[in-house]
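Step one of this worksheet: look at the structure below.
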Ligand code: 5GP
């Protein structure tokens, strides 16, 4: 591991576009990339592990973290739960020369751009709106009201693509991951 500060990459994009799947693929295939673990006030889904997928915290604990200035960015996502990126681990990894990846929403990406303008901003796009809707329904983890809320957010998020440095279309997870790795200046394999 060298001591040259590495560059931060922010992956954003509409709900259900597959950011989680792409970042899991990055984690599995490119262990040299460090994936930030966000804090969230939402409850774990089946199979999600505290400290691995998210830090699952109470609203009170989230308040404390905000007050202590522990977040690089945080946002209310889909008008409901709060999600935030703890700042310390991001800076530590970058200082140690480890390429770091954040998978966050648009509001969070804008805060990171304000705080760290040198970061690389990547927009993960669905092949089409119809495909995005199909994926959201197909996932089956949200009720109808929550799905509508997420689709409303997705419409706003899709319109923000031009703010990003790169767009990657998630037509195939492995291909999208390879493209992300190349954009990060690493070698796809
Ligand atoms: P989910 O509840 O499906 O895991 O995530 C919902 C949304 O929250 C996703 O669009 C994801 O990108 C976003 N998200 C996850 N972690 C963070 C974070 O630390 N900050 C922000 N701003 N958004 C996040």
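How do 49-60, 116-127, 21-32, 156-167 rank on mean C-beta neighbours within 10 Å, highest first?
By packing density, highest mean first, the sequence is 116-127, 21-32, 156-167, 49-60.
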Roughly how many Å is it from the Cα centre of the stretch 38-99 to that of the stretch 138-174, as a whole number? 20 Å
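Rounded to the nearest 0.05, what FRET efficiency is calculated for residue 169 and residue 189 with R0 set to 30 Å and r the Cβ-Cβ distance?
Details: r = 21 Å, r/R0 = 0.70.
Efficiency, rounded to the nearest 0.05: 0.90.
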Going fewest to most other Cβ atoms within 10 Å around each Cβ, 129, 74, 34 line up as 129, 34, 74
By the gyration tensor of its Cα atoms, with a ≥ b ≥ c the square roots of the eigenvalues, what is the shape of the stretch 31-70: rounded for a/c under 1.5, prolate for a/b over b/c, or oblate? oblate
Among 9-16, 36-43, how do they line up by average Cβ neighbours within 10 Å per residue, starting with the highest? 9-16, 36-43
Row for the stretch 8-184, column shape: gyration tensor on C-alpha, a ≥ b ≥ c, rounded if a/c < 1.5 i.e. under 1.5, prolate if a/b over b/c, else oblate; value rounded
When DSSP assigns beta bridges and you keep just the ones with both residues in the chain, what percent turn out antiparallel, to the nearest 5? 30 percent
Using 13 Å as the cut-off for backbone N distance, which residues of the stretch 83-116 belong to the label zone defined by a point 7 Å from the Cα of residue 50 along Cα→Cβ? none
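Read the figures in this text as sums done on the coordinates, not as results from a lab. Values in this document were obtained by computation on a predicted structure and should not be read as measured data. Cβ atoms come from the backbone with ideal geometry, glycine included; neighbour counts cover every protein chain shown.
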